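Throughout, read-outs are computed from the coordinates displayed, never taken from laboratory work. Keep in mind it's a predicted model, so treat the numbers as computed, not measured. Note that we place each Cβ from the backbone using ideal geometry, even for glycine, and neighbour counts take in every protein chain shown.
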Amino acid sequence: MVSNTFLIFDFNLTSTSEFKFLRFTGFAIQNFLFKLLGFIDKELAIKLHNSIRVKPYSVTPLLNNYRTVYHSGKGNTSYNFRIVFFDEECFDIFHRFYKLISEKLYLDNIVFLVNNIHIKVETYDNLLKYMVNDYFTLDFITPTCFKTGIVYPKRVKGYGEESIYEVRRKEESAYCPLPIPELMLRNLLRIWKSFSSKPLPSKNIEDIISEDHIFVYDFPKGIRTMWAREGSRKNQQGFIGKVTFGTRKLNNEAKNSIAALIKLGEYSGTGIMRTAGLGYYKIIEGINKKKVSSTSETS
């Protein structure tokens, strides 16, 4: 169901003692979410969990001043995490979700004290108030990875210089733990189209994304691979670190659309397993509010 709003829960916690999770904390928070949903509306919990469409929620892992807590942490220390719901169908039921949370909160049987829960309603209109600069920098805080199709050239006729090739595509996908702008923006565009009632200003945004108008410009301090442990035999890799992207040949509508998608990604995450805290990033610079003159808005 499309809407002009989405709902954000920001949790602030204090650890009661030193702790160690047996898996990436994002999976523990995803599990916490579904346990509460199971108490409120079991059918909705099953529907959200089993949906093959774009998932209408996302979470962050446990964080300490925007530093990712992968497995362990100190006692008597402040931590936070976020849950975001994009489907308006879920909004009413999460008032009951809020009431189920007491002074203590359990993540994989580890106890935290709840300091406060800040609830915010964000609008897509607000996301459309931004423009992207010629260069913008994102800090990928948790491992980020994308799925991409596998294409290859297949010789169908002739030999040597007279060979004729066709592009073929395999049924399976490949994992790409790299900051490919096209993969990131296509993922964010799917989320926008799935839940926002507000169209993006650019009518040809898909062509802009696929035609390399946004590119990787620099890795200021480099990126590196990190692994998120899900279970005893299952791990997911992705890249973390700051990435500067460049833009070229974009009109104001395109700059506005790209900025809105990037702003959305701060809430939704991007790439695979964003519903378990992967693909979480923060905007460092280069995405700014549109300047407003006395007569009109300019870039």
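Distance from a point 7 Å along Cα→Cβ of residue 39 to each backbone N in the range 7-32: keep the residues under 20 Å and list them by number.
Only 8-16, 27-32 pass the distance filter.
What order do you get for 57, 130, 159, 165 when you list them from fewest to most C-beta neighbours inside 10 Å?
Numbers: 57 22, 130 19, 159 7, 165 12.
Ordered from fewest to most neighbouring Cβ atoms within 10 Å, 57, 130, 159, 165 come out as 159, 165, 130, 57.
Fewest Cβ neighbours within 10 Å first, please rank 79, 106, 280 accordingly.
Values: 79 23, 106 12, 280 29.
Arranged by neighbour count, lowest to highest, 79, 106, 280 become 106, 79, 280.
Taking the Cβ of each residue in 70, 281 as the centre, tally the other Cβ atoms inside 10 Å and list the residues starting with the fewest.
Working: 70 19, 281 22.
Ascending number of Cβ neighbours within 10 Å: 70, 281.
Please state the shape class of the range 1-148: rounded when a/c is under 1.5, otherwise prolate if a/b exceeds b/c and oblate if not, all from the C-alpha gyration tensor.
Here the range 1-148 falls in the oblate category.
List the relative contact order of the range 5-124 as a percent without decimals, with contacts defined as Cα pairs under 8 Å and 6+ residues apart. Please report the intermediate quantities before stating the final value.
Working: 205 pairs, mean separation 58.6, N = 120.
Rounded, it is 49 percent for the range 5-124.
Hey, how many Å between the Cα centroid of the range 15-44 and the Cα centroid of the range 177-193?
27 Å
Which of (i) 71, 58, 42; (ii) 64, 47, 36; (iii) 55, 40, 37 is the computed Cα extents along the principal axes in Å for the structure on display?
Among (i) 71, 58, 42; (ii) 64, 47, 36; (iii) 55, 40, 37, the one calculated here is (i).
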